[in-house]
Amino acid sequence: MKKWNVMVLSVLVCLCLGMAQTTGVKFETTSEPELTPEKINTLLTSPNLAEVEALCRQVATDGVSDALVRTKLFVAGQTVSAPGAAAQYLPALEALYAKYAKESASSVQQLFFIEQLRWVGTQRSLPVILELSRAQDKHVAASARMTRQAIEHRFDPATVVFPPTRERQLNEALKKADQAEKFRLLSAAVQSKGDLAYQAFAARQIEDNLTPESLSQWCALTRQCDQPSVTVLMLRSLSVRTEPAIFDLLLELGNHPDAMVSAAALAILARQDTEVLRQALPARLTNVTPQNSKAFAAFLATLPAEVVVPALTTAFASQNDLGKQLTFETLAAHPGSDAMVKAAVKTATAPATEARLARAAFRYLRTTAGAGECETLLASLSAVKGALQSEAVQAYAMAARIQGNEIYEVRLLQALKSAGATPSEVLLETAARSGSAPLLAHVSSLAANNKDALRALSTWRDGMAAPQLMQALVQSPSDAFLLRGVRQQLQATLADATALMQGWSALRAGGQISADDLRDFATMINRASNIALNRPVSASRNQEADHAPRLMTDGDTSNNSGFWSSGSPVEITVDLESTRRVAAAHLFFYAGDGRYYQYRIDTSLDSEKWQPAIDRSADTSPSTPEGFRLSFEPRDARYVKLTVTKNSNNPSIHVNELMLFPAAEIGMIDLD
């Protein structure tokens, strides 16, 4: 036994010290002698009670954050409660733990000492245990009651001076009862009031005492229970059952007005057989309430499409508005059925539909509407008013981008042309969100004499209208609205790089735009045209500190961001992730102290055969914050390799940024 105790204490101390290292807690090694096997053996056979009392005081006053202190006290209790020479210290240790269980400053500290009494407590601790079982803090009271139970089980009842607990009385009665009587006793205990710990004790036992005959009675009792916390206990006793008898109960309580009950029922329901779910679910989806809608949404999200789609489709016609809203929100993540798409169109466009339900229907149509819904959705753009109009616009625009829905673009373009020079704002907004090239060309043709058209261009999807707005700004350089529109489009543009450069050049040639605005536009165009932006990067040498290779394609050209290698030479390869046209680069090294770097650039289609692009292996030009603008023979490439052979200042290499462009005139903007 002693050998076993030594081994347990060794493991506990090692775990404790490991926790201290992990959490950063430091212990003073000068006051803690090394815990050798001999020292452990001594502690086991003759605990130092003065040291134990000092540790108790520390826990009671300073808290229980010191893992080593807690472990020592735990081991002391384990040691004296085991047979052996140390058992003589049991009364003294029990008295210490009882004293501090009563006198500790907080409930957290009290709980620690009550836990220790669970191992070393006897009837001598009765006054303290009984007092703590009536504490106002429910956790302290519950822990004290469990400690009392533990002591009862360790001692012969005849030697225990206090009366048996309700739990023990129930256990004694269960030993003498037949199956039917067991169910009666346990169900009565669960439904008793005033002691949740006792009710939970009984609920855990009833799991093993439910027969096919008593299961239906238990479901009926669960359904009738008027205490939400007890209802949850009763539901949890069914958590591993899969009989069809409990299915209706779970579905019914999934609609319970108490959110805790609803969530518990639906969590168990999600584990039921999928075929049973498929057949029974529709009938229970007809009365979703505000109290259980969130729980139902979470439950439905866990179900496979083959269960949830037919169930919601079948139930839709008989659902209330909240249930229909939940149906659209859930089914938006699944392919749309013809029946549900038609129902969504009807719901979204009906004048009497409640706003939240109509919004959910429009959002469902964003990803499910087909060519057959085009005319109805087009008509809804002008028929729907208020906040819902933007939902109608989004639904039409997103449906227009679904493959096979080309009719949406055609019909919208026809509607715009039919409106002449002044189409409605809603048609222009829908065109901007749809974003196709034919729509852009038509709206651009209206922009010269139509402010609404200009406004639509300034919000065009993916910034594709940036070149057109820059050309318009050439004609009206003092138009503040146009200036904002250009800036807004350039911030996220995916427009053709050459068209962007031509627009910028026209603005510069006009001479009416400020140098600051031109510089800002140039920066945004360079960034938008940079085909290396955020592409993967690898290097032949390790990085220094946090300066990883990926930082040389993040768009930040400052000295604070970039790849720093641990030495030279170093090969740095950018993967463009697809074959792209490459004709220019803008390269930024660490700058500011007159240093220079020597390097070369090569390109490849397969990362094996390399084609030279730039050779500056003998260059001594100092690096500057403006970087080096480099152009070379245009070619197709997927990989671009920068090889840096020398830093004139130190052995390391510091590349702030490498930008790559499809044409020499892009990224070459120079305002000087």
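Here the Karplus curve 6.51 cos²θ - 1.76 cosθ + 1.60, taken at θ = phi - 60°, turns the phi angles of segment 389-402 into couplings of 5, 5, 5, 5, 4, 4, 4, 5, 5, 6, 5, 5, 8, 7 Hz, with x standing for Gly and Pro. Amide hydrogen proximity for N649: with H placed 1.01 Å from N in the peptide plane, the residues at 5 or more positions away or on another chain lying under 5 Å are Y596. Just to verify a number: FRET efficiency for D496 and A283, C-beta to C-beta distance, R0 = 45 Å, to 0.05? Here the calculated transfer efficiency is 0.20.
Distance between the pseudo-spin-label points of S192 and T579 (7 Å out from Cα toward the beta carbon): 8.1 nm.
Restricting segment 341-405 to chymotrypsin sites (Phe, Trp or Tyr not before Pro) that sit in a DSSP loop and have at most 11 other Cβ atoms within 10 Å of their own Cβ leaves nothing.
What FRET efficiency, computed as 1/(1 + (r/R0)^6) with R0 = 25 Å and r the Cβ-Cβ distance, is obtained for A545 and T645, rounded to the nearest 0.05?
0.65
Taken about its Cα centre, segment 428-555 carries a charge dipole of about 120 debye when Lys and Arg each add +1 at the Cβ and Asp and Glu each add -1 at the Cβ. Loop-located GluC sites (Glu not before Pro) across segment 320-382 with a Cβ neighbour count of 15 or fewer within 10 Å are E354, with loop assigned by DSSP. When the Cα positions of V345, T376, T330 are compared along the charge dipole of segment 329-377, T330 comes out farthest toward the positive end, with charges on each C-beta of Lys, Arg, Asp and Glu. Each label was represented as a point 7 Å from its Cα along the Cα-to-Cβ direction; for E375 and S514 these points are 5.4 nm apart.
For segment 353-364, 3J(HN,Hα) computed residue by residue from phi via the Karplus equation (6.51, -1.76, 1.60; θ = phi - 60°) reads 5, 4, 4, 5, 5, 4, 4, 5, 5, 4, 5, 5 Hz, glycine and proline entered as x.
When a 1.4 Å probe is rolled over the protein heavy atoms, the share of accessible surface on segment 259-385 that falls to carbon and sulfur comes to 56 percent.
Packing-based ranking of 467-473, 141-147 yields 467-473, 141-147, ordered from highest to lowest mean Cβ neighbour count within 10 Å. When the chain is fully extended, how far beyond the present Cα-Cα distance does S382 get from E131, taking 0.36 nm per residue of separation? Full extension from S382 to E131 adds 83.0 nm. Solvent-accessible area per residue in segment 209-303 equals 44 Å², computed with a 1.4 angstrom probe and all protein chains kept.
Within segment 558-663, which GluC sites (Glu not before Pro) sit in a loop by DSSP and count at most 11 neighbouring Cβ atoms inside 10 Å? Don't jump to the answer; show the numbers that get you there.
Values: sites: E571, E577, E608, E626, E657; in loops: E608, E626.
Within segment 558-663, the qualifying GluC sites (Glu not before Pro) (loop, at most 11 other Cβ atoms within 10 Å) are E608.
Take segment 420-525 with all the other protein chains still there, run a 1.4 Å probe, and you get 45 Å² of accessible area per residue. Extending 7 Å from Cα along the Cβ direction at K342 and again at E243 yields two label points whose distance is 4.3 nm. Across segment 610-620, coupling constants 3J(HN,Hα) worked out from phi with the 6.51/-1.76/1.60 Karplus curve, θ = phi - 60°, read 10, 10, x, 10, 9, 10, 10, 6, 10, 6, 10 Hz, and Gly and Pro carry x.
The values are calculated or read from the model by the stated rules, or taken from the named source; none is laboratory data. These numbers come from a predicted model, not from an experiment. Backbone-built Cβ (ideal geometry, glycine too); neighbour counts: all protein chains shown. In case anyone asks, the SASA skips ligands and DNA or RNA and just uses the protein heavy atoms, side chains included. Shrake-Rupley method; radii C 1.70, N 1.55, O 1.52, S 1.80 Å.
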